[in-house]
1. Just check segment A:2-117 against the gyration tensor rule for me: Cα atoms, a ≥ b ≥ c as the square roots of the eigenvalues, rounded for a/c under 1.5, and otherwise prolate or oblate depending on whether a/b exceeds b/c.
2. At the nearest 100 Å², what buried accessible area, both sides summed, do you get for A and B when the probe is 1.4 Å?
3. What is the Cα radius of gyration of segment A:143-277 over 2.2 N^0.38 Å, N being its residue count?
4. Quick check: pseudo-label points 7 Å beyond the Cα along Cα→Cβ at B:Ser60 and A:Arg234, how many nm apart are they?
5. Just to confirm the number: angle between the C-alpha axis of helix B:65-78 and the first principal axis of chain B, 0 to 90 degrees, nearest 10?
6. Ordered by residue, what ³J(HN,Hα) values in Hz, to whole numbers, does segment A:158-171 give under the Karplus form 6.51 cos²θ - 1.76 cosθ + 1.60, where θ = phi - 60° and Gly and Pro are x?
7. Can you give me the angle between helix A:204-215 and the longest principal axis of chain A, using Cα atoms only, in degrees from 0 to 90, rounded to the nearest 10?
8. Under 5 Å between amide hydrogens, which residues at least 5 positions from B:Glu165 or on another chain qualify, with H placed 1.01 Å from N in the peptide plane?
There are 2 protein chains.
Amino acid sequence: MIWLNGAILAAERARIDPADRGLTLADGLFETLRAYRGKPFRLGDHLKRLVEGAAALGISPPYPTAEIAAAVVELLQANALTAQDAALRITLTRGTGPRGLAPPKGVHPTLLITAVPYHPLPEACSAAIASIRRNEGSPLSRLKSLAYLDNVLAAREVEERGAEEAILLNNAGKVACAARANLFALVGDHLVTPPIGDGVLPGIARRTVLELAQDLGIAAEERSLRPADLAQAREILLTNSLFEIRSVAKLDGRVLVAGEIAARLHGAYREMAASLAVAMTKPESH
Amino acid sequence: MIWLNGAILAAERARIDPADRGLTLADGLFETLRAYRGKPFRLGDHLKRLVEGAAALGISPPYPTAEIAAAVVELLQANALTAQDAALRITLTRGTGPRGLAPPKGVHPTLLITAVPYHPLPEACSAAIASIRRNEGSPLSRLKSLAYLDNVLAAREVEERGAEEAILLNNAGKVACAARANLFALVGDHLVTPPIGDGVLPGIARRTVLELAQDLGIAAEERSLRPADLAQAREILLTNSLFEIRSVAKLDGRVLVAGEIAARLHGAYREMAASLAVAMTKPESH
């Protein structure tokens, strides 16, 4: 079952108009997040980012944030995804329009929510630096827009080289992120993640990791990274809202040691997620 | 009426799957071209570019080129667009897939063709250089992919400043193209257009103009352009397969003289298009 423009219906009955600008021009945004036994993690933060991104594109979300949040919970229930973890995706497009780039007036945006079971990935992965560059010269590098094909190609490129995750540099040669995740590197004793201006999506998991690092007394900062920094990094961590934290065990063939900082942060992250799930399943007081 | 995966049907009855990767990840390509009284201009070149782009993305077109060409003509007839000019769009996506970037195996690509009446635009337009940069560091800058949102935003940005067409620089500060077109500048006595490597789509109208320039004895070359070159250019021309050639009469406030080279090239372009249309409507010999 999926949620489309206010209704829950079977996916095979749901229809996207061929003139939807999400399809024809990638004119829209999305969010992916994880629900822990029916409890979406930092849903408020995801919806805030969606609304801010929509404002940047000049799209008015067709439903208030509270209504979208309720739809997410309703969809998890409709798919019997309250006792296991789920991957949620919220997609917002500008809606249908005639030929051409100019956004039509009075268009009704499309809002689509999907929820499927989430199966955890291994803690560690291999990674490689892709040849495709991240476009720091576009605001889209800082928005989770539907124009995601660069990421698809980067992932495909490194998979052909035997790596699981692709790392992208920007056009200035600085490290930006991974195709599916934000990136942190342990450089000396500092956990460093590239600043948003380097062409980085302000990831919710990225922010969560920065907060957890502070809680745990791990020195963390936003600072530009060069490939040479990655070549010397003691640990490299990838973060996203689905797999949380993955430790890079091999980068372009170089083997990294098992990540101690990654393990500490991931432990704290899981504890936070588990406490949310418990809070949700706790019986209400009377 | 539209053509979708082998059938002509009413647009309101056509259904795109919400899991189509064209929608979720901009994972696909498109072509736009003009039909002159039922005769698509350089359709073979457009289909060749589509097939080459699909190969670059690892998508196998679901129909042979000849069948797509026949579908285009059939759709023009179904929409009674044989006595007037039409704007055609051919959209190819990787097809539907589960969550995630990795392209699924055995997926069936989506092919969609639309045809609507084409109404000519004025010969001259105003233009402005957008702040959004073209990503020369991605192969997508040289493919007509569905990841078109940068162009939408660039067009929107300059329209808010009162200009009709947006010119994009790449991250190295070189001129790449316009949001809807390729660009030529008359610098001294040379008609110059940026090379593909600067983040440029190899436009069919661009190539046509390069050929026509040669026929007319106008010195033309592919060479990188800087904004300073545009500030000194005697003429600036925008080319695309729908409006053919538009002369930039005003660039960021600077008024340019009426384009003599633009007029000569546009005359030759129209003659070529008209001869195609005549060839098509000529009664068959018995």
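The values are calculated or read from the model by the stated rules, or taken from the named source; none is laboratory data. Since the structure is predicted, the reported quantities are computational estimates derived from the model, not experimental observations. Virtual Cβ from ideal backbone geometry, glycine too; neighbours counted across all protein chains shown. Surface accessibility is based on the protein's heavy atoms, side chains included, excluding ligands, DNA and RNA. Shrake-Rupley method; radii C 1.70, N 1.55, O 1.52, S 1.80 Å.
1. Details: a/c = 2.42, a/b = 1.63, b/c = 1.49.
Prolate, since a/c reaches 1.5 and a/b exceeds b/c.
2. Working: alone 13430 and 13430 Å², together 22680 Å².
The contact between B and A buries close to 4200 Å².
3. Numbers: Rg = 14.2 Å, N = 135, 2.2 N^0.38 = 14.2 Å.
Against the empirical 2.2 N^0.38 Å value, I get 1.00 for segment A:143-277.
4. Taking the two extended label points, one gets 5.0 nm.
5. 90
6. Along segment A:158-171, the couplings run 6, 4, 5, 8, x, 9, 8, 10, 9, 9, 10, 8, 8, 5 Hz.
7. Roughly 50 degrees, rounded to the nearest 10.
8. Counting only residues 5 or more places away or on other chains, the set is B:Ser126, B:Ala127, B:Ala128.
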